[in-house]
Amino acid sequence: QVQLVESGGGLVQPGGSLRLSCLGPESIFSSLPMGWFRQGPGTRRKLVATISTGRSRHYADSVKDRFTISRDDAKNTLYLKMNNLKPEDTAVYYCNARYNNIDYWGNGTLVTVSS
């Protein structure tokens, strides 16, 4: 079982910034490919960004040049720095990890971008 706990969501104005965090299991964290997904109102869950154990990164076109995914294996934490936020970024953001070919998810953290 892989437990993931997200934090850092909240209400922010358009153009603002937030940093999301995801705390994972200390014993295996460094071996986990990880990512962030989001699900907006009335939409399906979609990929935001992924990071491999070797720090290779992939971003959805909609967030390139605005969002940065990173990981600190010493703190068993995954991050998502979000800049220049737009109303269409409003969603529940989920942390994802793959372990033994099984996808694990956190409970999500809500990001609302509104003036």
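The values are calculated or read from the model by the stated rules, or taken from the named source; none is laboratory data. These figures come from a predicted structure and were not determined experimentally. Glycine also receives a Cβ, built like all others from the backbone with ideal geometry; neighbour counts cover every protein chain displayed. Each accessible area value is taken on the protein alone, full model and side chains, heavy atoms only, with ligands, DNA and RNA left out. Shrake-Rupley method; radii C 1.70, N 1.55, O 1.52, S 1.80 Å.
Within the stretch 1-16, if we keep just the residues that are within 14 Å of the chain's Cα centre (by Cα) and open to solvent by 30 Å² or more (accessible area, probe 1.4 Å), the residue that is nearest to residue 103 (Cα to Cα) turns out to be 5. Candidates 65, 103: the one that is part of a strand (DSSP E or B) and open to solvent by 40 Å² or more (accessible area, probe 1.4 Å) is 103. Output the residue which, of all residues in the stretch 44-62 that are of a type in the set (A, V, I, L, M, F, W, C) and over 21 Å from residue 15 (Cα atoms), is least open to solvent (accessible area, probe 1.4 Å). Ranking the qualifying residues of the stretch 44-62, first place goes to 51. Of all residues in the stretch 23-43, none are surrounded by fewer than 13 Cβ atoms within 10 Å (Cβ to Cβ) and part of a strand (DSSP E or B).
The set of residues from the stretch 29-52 being at pLDDT 95 or above and of a type in the set (Val, Ile, Thr) comprises 48, 50, 51. Applying the criterion of being among the polar types (S, T, N, Q) and open to solvent by 30 Å² or more (accessible area, probe 1.4 Å) to the residues of the stretch 68-83, the residue that is farthest from the chain's Cα centre (by Cα) is 83.
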